[in-house]
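Below is one structure, written out as structure tokens; the observations come after it.
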Ligand SMILES: N[C@@H](CCC(=O)N[C@@H](CS)C(=O)NCC(=O)O)C(=O)O
């Protein structure tokens, strides 16, 4: 481990450049957020989307599916990682965001006992898949992908995605989308009533997720009540232990930052950050990048501002490494 607390891993992350100062692919962000959260040392290799296939083929990075409209042509996507930490000559080569994160979690495990480090930011990260939650996270990921990412965002923001791409990638993107939808790129996005309907459906999908997540409130209320009892002196010893562990006392201590107060109860698993937060946050970063400011305001006004708060809470893991390979 280095003096800054970064683990001395040697990982290359393959990501897609944009014309913006930061990348915006939801899937590559998912992995980058986890690398940052785990404090792993990595460098980025920027691969324009039109060069993903030749780059992956040359490096032995496996495809993640079959190309749209073909029977068996392999589809290469990013993110991918090459982890040289254990071996320079026989590194671990992986594609597909979730298997990559599962590998990182296995190879560089986080410590269970410091379960509130995510809100204090002071100790080692907590596990991304706490015991018994793998199926829950798989379901969450499925819901988020199908109801939020893939259902309406392309109908609302195809041009936003297009305009964020490098010029060479724009040509490739236009060709693929026109081929897929059978009309000029400019005519694919929903307009007028259809656009309003797409917005409504997106809001409903976020609303449904909010309803699920509100279930956490029951537990948080219980926690608050027991904390109240403790602070009244009913369990002084326990209270001391909890504060020492968490580095914060549920937002009531004078040294707790405002951001921590906000984030304490906003994660998918309540008080602890986990895999699904990074899935969701990757999409929020994507939306923030492709949306007009007005539309971002609209999204962050939904569900009591939950999504904007989650975005802000994840900002601490949104660093893009300055040491990049081209
Ligand atoms: N299942 C993959 C999907 C990855 C994916 O679709 N990546 C997109 C960027 S977000 C990509 O590489 N697109 C380039 C292309 O389709 O050519 C994962 O979760 O990593």
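The values are calculated or read from the model by the stated rules, or taken from the named source; none is laboratory data. Bear in mind that the values here come from a model prediction, so they are computed numbers and not experimental data. With ideal geometry, Cβ positions are generated from the backbone for all residues, glycine too; neighbour counts draw on all protein chains shown.
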Residue under evaluation residue 231, criteria (1) modelled with pLDDT under 90; (2) surrounded by 15 or more Cβ atoms within 10 Å (Cβ to Cβ); (3) farther than 30 Å from residue 99 by Cα, criterion not met: (2)
Residues located in the range 176-189, provided they are in contact (Cβ under 8 Å) with a residue 40 or more places away in the chain and either in contact with a helix residue (DSSP H, G or I) (Cβ under 7 Å, 6 or more places away or on another chain) or loosely packed, with under 11 Cβ neighbours inside 10 Å (or both): 179
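When residues of the range 283-304 are filtered for being part of a helix (DSSP H, G or I) and loosely packed, with under 15 Cβ neighbours inside 10 Å, how many remain? Full working, then the answer.
First pass over the range 283-304, keeping only residues part of a helix (DSSP H, G or I): 283-290, 293-304.
Still in the running and loosely packed, with under 15 Cβ neighbours inside 10 Å: 293-294, 297-298, 301, 304.
Final tally of qualifying residues: 6.
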Flag for residue 63 being modelled with pLDDT of 95 or more and over 23 Å from residue 161 (Cβ atoms): no
Those residues of the range 1-54 which are within 21 Å of residue 170 (Cβ to Cβ) and assigned to a loop (DSSP other than H, G, I, E, B), in sequence order: 16, 17, 18, 19, 20, 21, 22, 23, 24, 25, 47, 48
Among residues of the range 41-54, those that are out of contact with any helix residue (DSSP H, G or I) (no Cβ under 8 Å at 6 or more places or on another chain) and over 21 Å from residue 321 (Cα atoms), counted: 3
Qualifying residue in the range 159-170 (condition: within 23 Å of the chain's Cα centre (by Cα), farther than 18 Å from residue 299 by Cα and in a loop (DSSP other than H, G, I, E, B)): yes
Members of the range 155-175 found to be surrounded by 15 or more Cβ atoms within 10 Å (Cβ to Cβ) and in contact (Cβ under 8 Å) with a residue 24 or more places away in the chain, listed by number: 155, 156, 157, 158, 160, 161, 164, 165, 166, 169, 172, 173
Residue 100 touching a helix residue (DSSP H, G or I) at 6+ places or on another chain (Cβ under 7 Å) and either within 11 Å of the ligand (Cβ to nearest atom) or without any contact (Cβ under 8 Å) to a residue 60 or more places away in the chain (or both): yes
Residues located in the range 83-94, provided they are within 26 Å of residue 126 (Cβ to Cβ) and surrounded by 15 or more Cβ atoms within 10 Å (Cβ to Cβ): 83, 85, 92, 94
